[in-house]
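Below is one structure, written out as structure tokens, with a few remarks after it.
The values are calculated or read from the model by the stated rules, or taken from the named source; none is laboratory data. Everything numeric in this text was worked out from a predicted model, so none of it was measured. Cβ: placed from backbone, ideal geometry, glycine included. Neighbour counts: every protein chain shown.
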Amino acid sequence: MIRTVSVGIDVGTYATRVVVVEYLKNDPIPKIIGTGIAESKGLRHGYVVNIHEASNSIKKAITEAEKSSGIKIKRAFLSIGGVSLSSEIGVGSAVISKADGEITSFDIAKAISEMEENLKIPNKKVLESLPMAFKIDGKETFGQAIGMKGAKLEVKTLFVTYLAQHLEDLLSTVGESGIEVIDIVASPLSSARVALTDRQKTAGCVLVDIGSETVSMAVFEDNKVMTMHVFSIGSTDITNDIALGLKIPLEEAEGIKTGSVLGNYPQRKLDQIIEARLSDIFELVDNHLKKIKRSELLPAGAIIVGGGSNIAMIENLAKSMLRLPVTCATGDNLKIVSGKVRDSSWFPALGLCLAGKDETSDSIGGSFGSSIRSAKNLFGSLMKQLLP
């Protein structure tokens, strides 16, 4: 039986998670065949501070996933997050290459490359280039520009960026664990594959991922990514606040936060502590929405994921702060989301697996590339050949 196996690795500050899925021939719905999880060590705010400790965490999660799936994992997709993750918007242009003026993916890649070369982002690396809007001969066009005709093309692009040193450290960490990285995907984009529907992304929504030490947000509109941002705050701050406010150990404070520990504590004071920190988080999100003029203007609202999304009061508080519809994602729009993977902390790793469904049969991993990326690589190769 011909099958495709895809593996996703999410190296978070709190935990490292691995998901393995398989696609059977003529069946578009994959099946989860293995998972692995290990406590993350050697990370801070999403970046590596101790390569050896972080690598051991990855190895433990990989070993568990191999045992549950019965597959030896050699290659995988990798999600990337943390405070180094950000986005930049720019506009590039290109003269149409074909004699008849028909726009091709090569022309789009050429315009994107021009803008990328002019980006002023010292010490950062572009992970992905996402076209947002097109103009042909000065006039905005809706939908895809490929196949249309004109003399000059302008492309407004969102560049997903990451601090080069942090990226190098993460790749070294994964390499030390014996895994070949097929491609790197920003964690919010990976989570969105599981948490969001096309309808939500088209109408307009914000995905808010509350992690251990960071909060990531990505805004979607017209089924495109409009912005991406990471804040240096997370659910660990809530745990710390509870420990200080109630004068209790951190382990007990974590259990109270998640509801796994019941104690004889004043509920009103506990609610005030949690609400204060959550208010800080959603104020940061709303301030960023104001910067891009989308505050209170996203019909599909805010969709919350991550370990911090399990706090009982979070939906009501977020509705009040953001003045938007708010839901905590369950992934119910995907038939494969069940068991432990229903916890949205697993969505980045699972979303990576969904990116690998186009890989050739009987291989670990997949190809996340697009025709735009292929054309961009071709354009870069041709330019190198033309340079003296």
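The table below lists the values:
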{"item": "Scan of the range 60-81 for residues that are closer than 13 Å to GLU180 by Cα and either surrounded by 15 or more Cβ atoms within 10 Å (Cβ to Cβ) or of a type in the set (A, V, I, L, M, F, W, C) (or both), ordered by number", "result": "ILE62, ILE73, ARG75, ALA76, PHE77, LEU78"}
{"item": "Filter result for ALA300 (assigned by TED's automatic domain parsing to the domain that holds VAL219, surrounded by fewer than 15 Cβ atoms within 10 Å (Cβ to Cβ), more than 15 Å from GLY234 (Cβ to Cβ) and aliphatic (A, V, I, L, M))", "result": "no"}
{"item": "Pairs where the first residue, in the range 326-348, is in contact (Cβ under 8 Å) with a residue 12 or more places away in the chain and among the hydroxyl-bearing types (Ser, Thr, Tyr) and the second is buried (at least 21 other Cβ atoms within 10 Å of the Cβ) and assigned to a loop (DSSP other than H, G, I, E, B), C-beta under 8 Å, 6+ apart", "result": "SER344/GLY306; SER344/ALA329; SER344/GLY331; SER345/GLY12; SER345/GLY306"}
{"item": "Qualifying position, being at pLDDT below 95, more than 16 Å from GLY81 (Cα to Cα) and in a loop (DSSP other than H, G, I, E, B), among ILE146, ILE112, ILE108", "result": "ILE146"}
{"item": "Residue list for the range 69-101, filter: in a loop (DSSP other than H, G, I, E, B) and either under 19 Å from the mean Cα position of the chain (by Cα) or not charged (D, E, K, R) (or both)", "result": "GLY70, ILE71, ILE73, GLY81, GLY82, VAL83, SER84, LEU85, ILE96, SER97, ALA99, GLY101"}
{"item": "Identity of the residue in the range 191-249, in a helix (DSSP H, G or I), out of contact with any strand residue (DSSP E or B) (no Cβ under 7 Å at 6 or more places or on another chain) and small (Gly, Ala, Ser), that ends up farthest from LYS269 (Cα to Cα)", "result": "ALA203"}
{"item": "Residues satisfying the stated conditions in the range 25-68, i.e. outside any helix (DSSP H, G or I) and of a type in the set (S, T, N, Q)", "result": "ASN26, THR35, SER40, ASN50"}
{"item": "Close pairs from the range 220-233: first over 15 Å from SER86 (Cβ atoms) and of a type in the set (S, T, N, Q), partner surrounded by 18 or more Cβ atoms within 10 Å (Cβ to Cβ) and at pLDDT 95 or above, Cβ under 9 Å, at least 6 apart", "result": "ASN223/LYS201"}
{"item": "Residue that is surrounded by the most Cβ atoms within 10 Å (Cβ to Cβ) [pool: residues in the range 82-115 that are under 30 Å from LEU350 (Cβ atoms) and of a type outside the set (A, V, I, L, M)]", "result": "GLY82"}
{"item": "Candidates GLY36, GLY46, filtered to the one that is under 30 Å from LYS335 (Cβ atoms) and buried (at least 19 other Cβ atoms within 10 Å of the Cβ)", "result": "GLY36"}
{"item": "Some residue of the range 242-257 being at pLDDT 95 or above and surrounded by fewer than 16 Cβ atoms within 10 Å (Cβ to Cβ)", "result": "yes"}
{"item": "Residue check, LEU317 over 30 Å from ILE112 (Cβ atoms), aliphatic (A, V, I, L, M) and either assigned by TED's automatic domain parsing to the domain that holds ASP183 or at pLDDT 85 or above (or both)", "result": "yes"}
